[in-house]
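The values are calculated or read from the model by the stated rules, or taken from the named source; none is laboratory data. Please read all numbers here as calculations on a predicted model, not as lab measurements. Cβ placement follows ideal geometry from the backbone for every residue including glycine, while neighbour counts extend to all protein chains displayed. Remember, those area values only see protein heavy atoms, side chains included, never the ligands or the DNA or RNA. Shrake-Rupley method; radii C 1.70, N 1.55, O 1.52, S 1.80 Å.
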Amino acid sequence: MQNSGNSESLTLIKNLARENIQKLTPYMSARRLGGNGDVWLNANEYPTSPTLTVVSDLNRYPECQPKAVIDRYAAYAGVSNTQVLVSRGADESIELLLRAFCEPGKDKVLFCPPTYGMYSVSAETFGIECQTVTAKTDWQLDLTSIEANLEGVKLVYICCPNNPTGNLVNTEDIKTVLEMTKGKAIVAIDEAYIEFCIEHNKTSWLKSYPHLVILRTLSKAFALAGLRCGFTIASPEIIELLLKVIAPYPLAVPVADMAAEALLPEGIAQMQARVLSVRENRSWLVDQLKQDDRVVEVYPSETNYILVRFKDAKPVFKGLWDAGVIIRDQSKQIGLDNCLRITIGTKAECERLIEVFKGL
Ligand SMILES: *Cc1c(COP(=O)(O)O)cnc(C)c1O
């Protein structure tokens, strides 16, 4: 008989899940949160899409690490092709690091909230303990507290520029963390937004720090969040370890074809043009917001989003939402009460947001 599931047997099924999964709150992506908008400024996406083509047949399995994608990304990043791994978004590389380096119930992962939510969600999924060290009030690393809490830590995530605050983490502080963790832990710098401030990228540090890993993505400045394609840059030894735990076919053939095309010189030039346009719209939006006395602070940003603290964020979020302008509420994160995050859209979208905000 089908569909005979009464509530008792459903409870039983739920109880079959691993205990940490029963307790897990999944990552609430902007997509899952929904909304009924026509101006989407909640997921740090680029507002328009590049056009790319599929050139390969689909009857064969893909290469595990498509050579054109790896070679072109390595050339773009200025590293050797043995230092690059491609995966289903940077989110998958966050997971791969946990799977390769952290023993559940034994090793810990350290990161510094307020920051990107997937570090904790991925760690909890695998049953790996999170050691959080809250960032200081200026959102820089609390080095003393990090040093005091390194016991058992195998992996450190540093998001730079940080999501959702938009700031860069001090270069010297990251170096200090790399020194503290030498021979003990992997330090992963999440550079999802680095194209918006490329002069701050840390790839040249790989020579000096064999335990350094850099995470990248095509989702932000390359405007390809829907493609699901990200990169890990590290020593060939670390890349080899990650290749042991990655799925046999992490990228679909169309994804590999399109990623390879996006990484041609023309695609990179388009990405650089996007960065300029985001910066221009960002500075316009920041100026507009700063003129309003309901705004407490617009935090400086090196990215395609800004974090704004309002006197009272709730009516702003709701008022924009009701008018179809969807932004991201960050007020539940530690230290971010009354803070909302706004992705930089097209000029017209920024204007629309300001128009609705002024009318609230
Ligand atoms: C968007 C984002 C990612 C995930 O990138 P995908 O490649 O889309 O999985 C990783 N880290 C940070 C900080 C992000 O904002």
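The table for this structure:
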| item | result |
| --- | --- |
| Of the trypsin sites (Lys or Arg not before Pro) in the range 231-334, those whose Cβ has at most 15 other Cβ within 10 Å and which sit in DSSP loop | R294, K311, K332 |
| Candidates per trypsin sites (Lys or Arg not before Pro) in the range 104-213, loop by DSSP, up to 16 other Cβ within 10 Å | K106, K136, K182, K184 |
| The chain - mean residue ellipticity at 222 nm from DSSP helices (-39,500 (n - 2.57) per run, n ≥ 4, rounded to 500) | -11500 deg cm²/dmol |
| Selected from V39, V133, V55 as most flexible by GNM, with the chain as the system and alpha-carbon contacts under 10 Å | V55 |
| Candidates A323, A256, A221, ranked by Gaussian network fluctuation over the chain, Cα under 10 Å, top entry | A323 |
| More than 30 Å apart - percent of Cα-Cα pairs taken over the chain | 41 percent |
| The range 145-261: antiparallel DSSP beta bridges as a percent of all, rounded to 5 | 30 percent |
| Under the Karplus curve 6.51 cos²θ - 1.76 cosθ + 1.60, θ = phi - 60°, whole-Hz ³J(HN,Hα) for the range 68-78, x wherever Gly or Pro sits | 4, 5, 4, 4, 5, 5, 4, 5, 4, 7, x |
| Cα gyration tensor of the range 179-249 - equivalent ellipsoid semi-axes, whole Å, descending | 22, 18, 8 |
| Computed magnitude of the charge dipole of the range 17-120 (debye, nearest 20; Cβ of K, R +1, Cβ of D, E -1) | 200 debye |
| Binned Cα-Cα distances of the range 301-346, short to long, each 10 Å bin given as a whole percent | 28, 56, 16 |
| The range 191-331 - Kirkwood radius from inverse mean 1/r over Cα pairs (Å) | 18.0 Å |
| Positive-end extreme of charge dipole, the range 102-234 - chosen from L155, A225, M118 (charges on Cβ) | A225 |
| When each of K154/K182; K108/K182; K154/K220 is checked by Cα-Cα distance, pairs over 20 Å | K154/K220 |
| Net charge over other residues, Cβ less than 10 angstrom from the Cβ of R216 (K, R count +1; D, E count -1) | -2 |
| Unit charges on C-beta of K, R, D, E only; dipole of the chain, Debye | 360 debye |
| For the chain, built as a Gaussian network whose Cα springs stay under 10 Å, the top-fluctuating residue of L155, L24, L141 | L24 |
| Neighbourhood net charge (13 Å Cβ-Cβ; Lys/Arg +1, Asp/Glu -1) for S145 | -3 |
| Dmax and Rg, reported as Rg then Dmax, of the range 40-114 (C-alpha, Å) | 17.0, 46 |
| Area accessible to solvent at V153, 1.4 Å probe radius, in Å² | 10 Å² |
| Loop-located trypsin sites (Lys or Arg not before Pro) in the range 25-73, at most 15 other Cβ atoms within 10 Å (DSSP) | R60 |
| Overall form of the range 83-136 per C-alpha gyration tensor (a/c, 1.5; a/b vs b/c) | oblate |
| Accessible surface of L243 - all protein chains present, 1.4 Å probe, nearest 10 Å² | 70 Å² |
| Electrostatic dipole magnitude of the range 120-246 [Cβ: Lys, Arg +1; Asp, Glu -1; Cα centre; debye, to 20] | 360 debye |
| Qualifying lysines (Cα of each under 16 Å from Cα of K314; at least 8 residues distant if same chain) | K332, K358 |
